[in-house]
1. Touching a residue at least 60 places away in the same chain (Cβ under 8 Å), part of a helix (DSSP H, G or I) and either assigned by TED's automatic domain parsing to the domain that holds B:ILE175 or open to solvent by 30 Å² or more (accessible area, probe 1.4 Å) (or both): is that true of B:LYS201 in this structure?
2. Name, by its number, the condition in (1) among the aromatic types (Phe, Trp, Tyr); (2) more than 14 Å from every other protein chain (Cβ to nearest Cβ); (3) more than 27 Å from B:LEU317 (Cβ to Cβ) that does not hold for B:TYR177.
3. Return the only residue of A:ASN13, A:ASN70, A:ASN28, A:ASN53 being within 14 Å of chain B (Cβ to nearest Cβ) and either closer than 24 Å to B:MET263 by Cα or touching a helix residue (DSSP H, G or I) at 6+ places or on another chain (Cβ under 8 Å) (or both).
4. Looking at region B:123-165, which of its residues are within 25 Å of the chain's Cα centre (by Cα) and open to solvent by less than 80 Å² (accessible area, probe 1.4 Å)?
5. Out of everything in region A:169-212 that is within 14 Å of another protein chain (Cβ to nearest Cβ) and among the charged types (D, E, K, R), what residue ends up being nearest to A:VAL6 (Cα to Cα)?
6. From the residues in region B:310-338 that are polar (S, T, N, Q) and over 22 Å from B:GLY288 (Cα atoms), which one is modelled with the highest pLDDT?
7. Residues being within 16 Å of A:GLY9 (Cα to Cα) and open to solvent by 60 Å² or more (accessible area, probe 1.4 Å): count how many of those fall in region A:185-203.
8. Quick one: which residue in B:ALA279, B:ALA293, B:ALA297 is small (Gly, Ala, Ser) and either open to solvent by 40 Å² or more (accessible area, probe 1.4 Å) or within 11 Å of chain A (Cβ to nearest Cβ) (or both)?
Amino acid sequence: MHPFGVPIGVWINAFLTLCILSFLYKDNPFFRFAESLFAGMSLGYYIGIVTENTLRPNLFRPLAQNFWGNVLLLIPMALGIMLYFRYIPSVAWLARIALAVYIGYYVGVYLMQKLHGDILFQSRDTIVSLRAGGVDTLWNIIVMVGVFSVLIYFYFSAEHKGALGKVSKLGIYFLMISFGASFGYTIMARISLLMGRFSFLVNTWLRPIISS
Amino acid sequence: MRLWYAFIMIVVCFNVWFGSDALAVEIEDFAAQDTPSDGGQSIDLRWVATGRGKVFILRSTARDSAFSVVGEALASDGAYTDFGVEEGVNYYYRLGWMSGGDTLQTHTVGPAVAKSNWFRKYRSNALVTTALMFFLVITFVNRAKKGHPLYIRRIAGLSSIDEAVGRATEMGKKILYIPGILSLSEIQTIASLSILKHIAKLTAIYGTDIEVPNKDPLVFSAARETVREAYLEAGKPDQYREEMVTYLTYDQFAYAASVTAKMVREKPATNFLIGSFFAESLILAETGQAVGAIQIAGTADIPQLPFFVTACDYTLLGEELFAASAYLSHEPVLLGSIKAQDVMKAIIMVVVGIGIVTYALGSEFIKNLLLTR
């Protein structure tokens, strides 16, 4: 079906986009319909994604093909099922074991990632040259002062008074300047998302209608 | 035009002249061996080359046949790491290059077998730092458990939590608590649940309505436990209702649309946006501000902090979120961890400070100590 030369899918897409955008005026039945449809469909979609991309290739298929060779997969499967035990009051405590394993695993993984990727890496990069010459030296001093003052701001073991208070205040200024830069940068990215949606409405939906 | 043709001819001659020179490659001392200190995912190739051409890396699991190209490198590089190997398999290698229309190859080297190593020596610095951090955390946690007072300064945003709950109570409206969009694998979400417990206790005491809409199923489950426990600890288990903690959807923007609609329809007096957020942060915070709610945010996601700072009344910046959860819960484990992190920060500042001074004096010793590979 191509009403006015535009595929029906594009019509539905444009209608739902306009329904969502109508929220900018005020809450209305069209927005409520699109919102409920979006939430419900996305939930169903993710159930499908998890089944197809996680459960089937990583659990069901290996077990079906070689059960005893992949018997260890029963452990994560059991942990996953245990999460649902919270709905059975007599064994609800078992759900906590599954949660504990899940959290413990990720804490271990992230510990090394953060340490190796962030802390050591950034500490090394903060060791800047104070003899780089000219403007570079000035920038390096700004980097050094910025890192130290922000670290002092995030020092919680002492009240920020006196000299410590002044340095931590400097840290806040550095943070706010970086937030300002980050704000502008991210807004630019969001504007491009908005342009993408309007490009769809104008070029994919409206233009063929006007042309036909 | 003639000049142009002449220029083209010169360029072509130049290319042919130096191009043929580039193909004149000779390879010596070609060798293949397991990459040391790795997880068994790669094999290192080394050679000594004369000439500046390109060489192709040929690999096979048999000594004399079935070689195929798996990569290429400049002969002058003298090294290549093959990451496309499986652990425990024998691999044979040759180098190949083009010379005057012919394909030349080195002799076969191998077998080389990728093996995983127990210890990655390049990460010794990470091991030492982890051991130090463990020592500090265990020390301070034990001190906290034994009742030694561990001082943590009060964070400005925390004073406003009581105010915000009080405001919702006075207005007779609900509190919306949004625990971020990531799962329990994210430490911010765990800190958020700790703060949720404190707030739920307050709402139980004051009899204020609270709603916690969730995106992640595991967080939803944990948040229900948290709120239920809070009401139990506050001595008001009868006031707890399962509907206080709801599940919306797993999609980021569908979740954002549902929560913003909830804000507009139900006009909560107070919104807490505490946890890990991404692009939905400004959508949520701006809508909350538009409906006149007092908003307290907290996240360690640096790109989202500017949005919370501009659209919320109070914001817990980065690590303040974790400190806040420790401060509010008075859990010895959390207090000890925050204290250990402070000591670690001081140590890092000293190391970096010494590093800057020694680097200025011409020594790269400290800088190399922190090298990550």
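The values are calculated or read from the model by the stated rules, or taken from the named source; none is laboratory data. Predicted model only: the values in this text are computed from it and were never measured. We place every Cβ from the backbone using ideal geometry, glycine too, and count neighbours over all the protein chains shown. Accessible surface is based on the protein model in full, side chains and every heavy atom, while ligands, DNA and RNA are left aside. Shrake-Rupley method; radii C 1.70, N 1.55, O 1.52, S 1.80 Å.
1. So B:LYS201 does not fit the description; no.
2. Against the list (1) among the aromatic types (Phe, Trp, Tyr); (2) more than 14 Å from every other protein chain (Cβ to nearest Cβ); (3) more than 27 Å from B:LEU317 (Cβ to Cβ), B:TYR177 comes up short only on (3).
3. A:ASN28
4. B:ARG123, B:SER124, B:ASN125, B:ALA126, B:THR129, B:THR130, B:ALA131, B:LEU132, B:MET133, B:LEU136, B:VAL137 - these are the residues of region B:123-165 that are within 25 Å of the chain's Cα centre (by Cα) and open to solvent by less than 80 Å² (accessible area, probe 1.4 Å).
5. The extreme case among them is A:ARG197.
6. B:SER337
7. Of the residues in region A:185-203, 3 are within 16 Å of A:GLY9 (Cα to Cα) and open to solvent by 60 Å² or more (accessible area, probe 1.4 Å).
8. B:ALA279
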